[in-house]
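The values are calculated or read from the model by the stated rules, or taken from the named source; none is laboratory data. All values derive from a computational prediction rather than experimental measurement. Counting neighbours? That spans all protein chains shown, and the Cβs are built from the backbone with ideal geometry, glycine included. Side chains included, ligands, DNA and RNA excluded: accessible areas come from the protein's heavy atoms. Shrake-Rupley method; radii C 1.70, N 1.55, O 1.52, S 1.80 Å.
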Amino acid sequence: KGIPHTGHKAVRNSIVVAMKAAIAASTTLREENTQFNLMAAPGYPELIQDMITLNNDRLNTAFIIGDSPLDLPADSTAIDNWARNVNLVADNGENGLVSHSEYLGVYYPSGLATNLDGSSVVVPPSHMMLRTYLRSDAVSYPWFAPAGVRRGLIDNVSSIGYVDRTDNNVFRSIGVT
């Protein structure tokens, strides 16, 4: 739509376009017999609006776990600017959050986990939150908040932080404030 994409951004754009089309075209996801109450597209904040639309089509039967960008710096100004879309972008993504819904939670920060081969890998916030929501639902009812020491435990990452694009894509650990 008038925005040139090259390199890794071209690949990502192709994936986003395909995922958006799959959500929009799926009649199976919209059938009453298809039951689920959580939606997520880990690592793809560009799909938040598509999941909101799908949820609206399903009469809001699910909660959407959205991601902030992996490289969103850990300072209140950057986070607030992204969440309030001060860049006035037209769609959700690395430059701003456009969509809002009472059935949406957008999470920050990203995490550092261990891949199947033992190497460290950066994971989006939804990686942590999906496990937290599933654990919470297993020990309580789905309408209880996934918070606290019994239901809010995050144990599938070794560190939280963000990818520092200004310093050779290094993962920067941050503390919880």
### Residues that are more than 14 Å from the chain's Cα centre (by Cα) and farther than 23 Å from Tyr133 by Cα, drawn from the range 58-78
Pro73, Ala74, Asp75, Ser76, Thr77, Ala78
### Message
For the range 100-120: of the residues being over 14 Å from the mean Cα position of the chain (by Cα), among the hydrophobic types (A, V, I, L, M, F, W, C) and closer than 25 Å to Asp75 by Cα, which is least open to solvent (accessible area, probe 1.4 Å)?
### Response
Ala113
### Query
Do you know which of the residues in the range 59-78 that are touching a strand residue (DSSP E or B) at 6+ places or on another chain (Cβ under 7 Å), open to solvent by 40 Å² or more (accessible area, probe 1.4 Å) and hydrophobic (A, V, I, L, M, F, W, C) is farthest from Glu94 (Cα to Cα)?
Phe63
#### Entry: Any pair with Cβ under 6 angstrom, 6 or more apart, that starts in the range 39-52 at a residue that is over 15 Å from Ser26 (Cα atoms) and ends at one that is of a type in the set (Ser, Thr, Tyr)
Ala40/Ser126; Pro42/Ser126; Ile48/Ser99; Gln49/Ser99
## Note on the structure
Within the range 121-177, residues being among the β-branched types (Val, Ile, Thr), open to solvent by 70 Å² or more (accessible area, probe 1.4 Å) and touching a residue at least 24 places away in the same chain (Cβ under 8 Å) number 1
## Note on the structure
Taking the range 1-51 and the residues there that are more than 19 Å from Asn95 (Cα to Cα) and among the β-branched types (Val, Ile, Thr), the one that is surrounded by the most Cβ atoms within 10 Å (Cβ to Cβ) would be Ile23
### Query
Inside the range 116-143, can you point out the residues that are over 17 Å from Phe36 (Cα atoms) and part of a helix (DSSP H, G or I)?
Pro125, His127, Met128, Val139
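For the range 130-174, how many residues meet the condition of being of a type outside the set (S, T, N, Q) and closer than 16 Å to Leu70 by Cα?
Looking only at that region, the number is 12.
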